1. Could you list, in sequence order, the residues of the stretch A:143-156 that are at the interface with chain B (Cβ under 7 Å from one of its Cβ atoms) and over 25 Å from the mean Cα position of the chain (by Cα)?
2. Please report, ordered by residue number, the helices (runs of 4 or more DSSP H) entirely within the stretch B:137-252 with at least 2 residues that are more than 18 Å from the chain's Cα centre (by Cα).
3. Select from the stretch B:118-138 the residues that are exposed (fewer than 14 other Cβ atoms within 10 Å of the Cβ) and facing chain A (nearest Cβ under 10 Å) and list them in ascending order.
4. Scan the stretch A:71-96 for residues that are over 18 Å from the mean Cα position of the chain (by Cα) and assigned to a helix (DSSP H, G or I) and jot them down.
5. State yes or no: is A:Arg104 under 21 Å from A:Ile49 (Cα atoms), facing another protein chain (nearest Cβ under 9 Å) and modelled with pLDDT of 90 or more?
6. Is it true that A:Thr36 is part of a helix (DSSP H, G or I), without any contact (Cβ under 8 Å) to a residue 40 or more places away in the chain, surrounded by fewer than 15 Cβ atoms within 10 Å (Cβ to Cβ) and within 12 Å of chain B (Cβ to nearest Cβ)?
7. Give the stretch B:374-407 a look and list any residue that's in contact with a strand residue (DSSP E or B) (Cβ under 7 Å, 6 or more places away or on another chain) and assigned to a helix (DSSP H, G or I), or say none.
8. Would the stretch A:43-52 turn up any residue that is facing another protein chain (nearest Cβ under 10 Å), under 23 Å from B:Pro127 (Cβ atoms), β-branched (Val, Ile, Thr) and more than 14 Å from the chain's Cα centre (by Cα)?
Amino acid sequence: MQQRLARGEAAALGELYDRFASLVHSLAHRVLGDETAADRITREVFGYIWENPDAYDPKQGSLRSWVARITQGQAVARLRQAELGRGSREELEQKVRSANAAARADYIVTSMPAPLRSALELAYFKRRDYRQAAADLKISEDEARRRLRLGLQLLSTANALPREDTAPPGYGPPGYGTPR
Amino acid sequence: MTGPAEDAPDDGYERPVGGAARIPGPRGAADDLHPLPVPRPVPAPQDVPEPPPTHAVLKSLLGAWALAACSAEETQAVEDHLTECAPCAEEALRLRDAVGLLHPEESLDLKPLLRSRVLEDCLGKRPARIPVPAWATPYDTETARLDALLRDFGDAEWHTPVQLKWFGDERRRSRDTTVAGVIGHLLTVDGLVATALGLDDPLGAQAPAGGTTRRTEFFWDSDRHPATGQVREPWREQGHTLVRTVSFAGHGVAELAVDYGSFALPLGDAFLERAFECWVHAWDIAEAVDYPYDPPSGPHLHRMIDLAARLLPAALAERRRAGLAGPARGLVAAGAPGRTLHLEIEGAGGGGWDIALDSPAAKPSSDHTVAEIALDGLEFCQLAAGHISPEDAAAGQHGDREAIRDVLFAAASLSRL
């Protein structure tokens, strides 16, 4: 995909959008809570990737995780801009931290193995206890407990990660979106 | 946000890891429960008390506990354990904070227009070295729109009945299938374009010769046809491959013939026809699952209507040969002006088209106009898709009534399964 983008293949751009637009838009929406702003971030993120396909380094992780990092960086930068001067510096930092954690958590949930995700969905959104979840999923109760615990352990890393230095220099905040 | 852990702060940050004993449970435990193990001096032989849960079992319960997804007894046992086991207490706190990060997945529909806008933006900043041909963009856009509609479909939606409608043998006809069946149908007929380009036929080597109906029935009956959402991936992948392949092909590729069995279209027109079919069937699906679905953008709709208008003279001639349309009024030399019907399409994507009535080879001419029809763009598309019958098409008309009737029927005859 990266090579196709690099050589200027419009069809590859369309495929990139089809694969990642909903991820980009939902992450931006989670951070900014506003649909128009999320639309705008979506345009900026795809514009950035199309203009800088070489900025992606496969050694740093999947294309998907790179796209998510760019999106989060850009959306959080926009959040800072929008919130500037609206409250104390501390309140702003708190908002940014929450937004970062929420975006990371969303990414983790959408990327975690489907069996873990479906166990969490049953327990949390459908309020099934682990025995019912085990029956629904046709797995043992031990396995249901294991999946719930593992799923939450993965999710908890969203809080544990360092704050804003998750994006490599060049396309995370503060580098991304500023003239270089 | 709704969820069992409503009392947990949802910012997920900076909960001091203080005394383990003070961690409140996610759900109020009954006060009158004895902590396990329940002391029993003399167990009756048939009523052996359960041994107290081991550390390993209690640890394995931490996820379920944080989600309030275990029994009251287990909740109590876990919470008692947390007062005496620091590692478990630390993990319990972490997992409970993680619960606060769970959000219901927002099914925010991406605005269909956003895709075109994003791509335009991008291509404005850095023009494509290998562009998608203009005649392929409606197909690219329509397949992406339908795919977005399908994204969140569960099994129930995939099995929803859909009625496919067309106009054949002078009447409205229909065929019952499901959402998955419709996508299978699109995959199958798009496959004709794929084989014209030298790509694999989705029906494999056993594909029957002949038209779209035989191919579709073959596919529906074969075990290649997944009755669920699994059909989405091959359909989508073939669509992407088609767009990519024609992007790399030379200019002449638009003229390559695509064999539909009983007729053929140049590849450029076949892509427009497939875009039209994709939209019409997306509309069928959206109706079946009770979802709104917008028509294509004006410029794309215009191209689709233009294709139908260009196909009308040949469709008319075919109906004439079958005795279904009035005879030509005199012979017209190829390229010479002949009797003409003016088709005025209103609304987005509309325009005016002059249709040669006597022969596909005749040249339409406004000086020889014998009739006029005015139709709304969507109404015309419904007619050409066989969703409304020619008698019911709400057309403003004046002039030669036979010519008007023949053209409306010819438009409906463009439809098929």
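The values are calculated or read from the model by the stated rules, or taken from the named source; none is laboratory data. Model, not experiment: these values are computed from the prediction. Positions of Cβ are generated from backbone atoms using ideal geometry, with glycine treated the same way; all protein chains shown enter the neighbour counts.
1. A:Arg145
2. B:179-196, B:212-221, B:232-248
3. B:Glu120, B:Gly124, B:Lys125, B:Pro127, B:Arg129
4. Once the filter is applied, which keeps residues that are over 18 Å from the mean Cα position of the chain (by Cα) and assigned to a helix (DSSP H, G or I), the stretch A:71-96 yields A:Gln81, A:Ala82, A:Glu83, A:Arg89, A:Glu90, A:Glu91, A:Leu92, A:Glu93, A:Gln94.
5. Details: under 21 Å from A:Ile49 (Cα atoms): yes; facing another protein chain (nearest Cβ under 9 Å): yes; modelled with pLDDT of 90 or more: yes.
Taking the combined requirement at face value, the residue satisfies it.
6. For A:Thr36, the condition - part of a helix (DSSP H, G or I), without any contact (Cβ under 8 Å) to a residue 40 or more places away in the chain, surrounded by fewer than 15 Cβ atoms within 10 Å (Cβ to Cβ) and within 12 Å of chain B (Cβ to nearest Cβ) - is met.
7. Keep residues of the stretch B:374-407 that are in contact with a strand residue (DSSP E or B) (Cβ under 7 Å, 6 or more places away or on another chain), which gives B:374-377, B:380, B:386-387, B:389, B:393, B:395-400, B:403-404, B:407.
The answer is B:Gly377, B:Phe380, B:Ala403, B:Ile404, B:Val407.
8. Taking every residue of the stretch A:43-52 in turn, at least one turns out to be facing another protein chain (nearest Cβ under 10 Å), under 23 Å from B:Pro127 (Cβ atoms), β-branched (Val, Ile, Thr) and more than 14 Å from the chain's Cα centre (by Cα).
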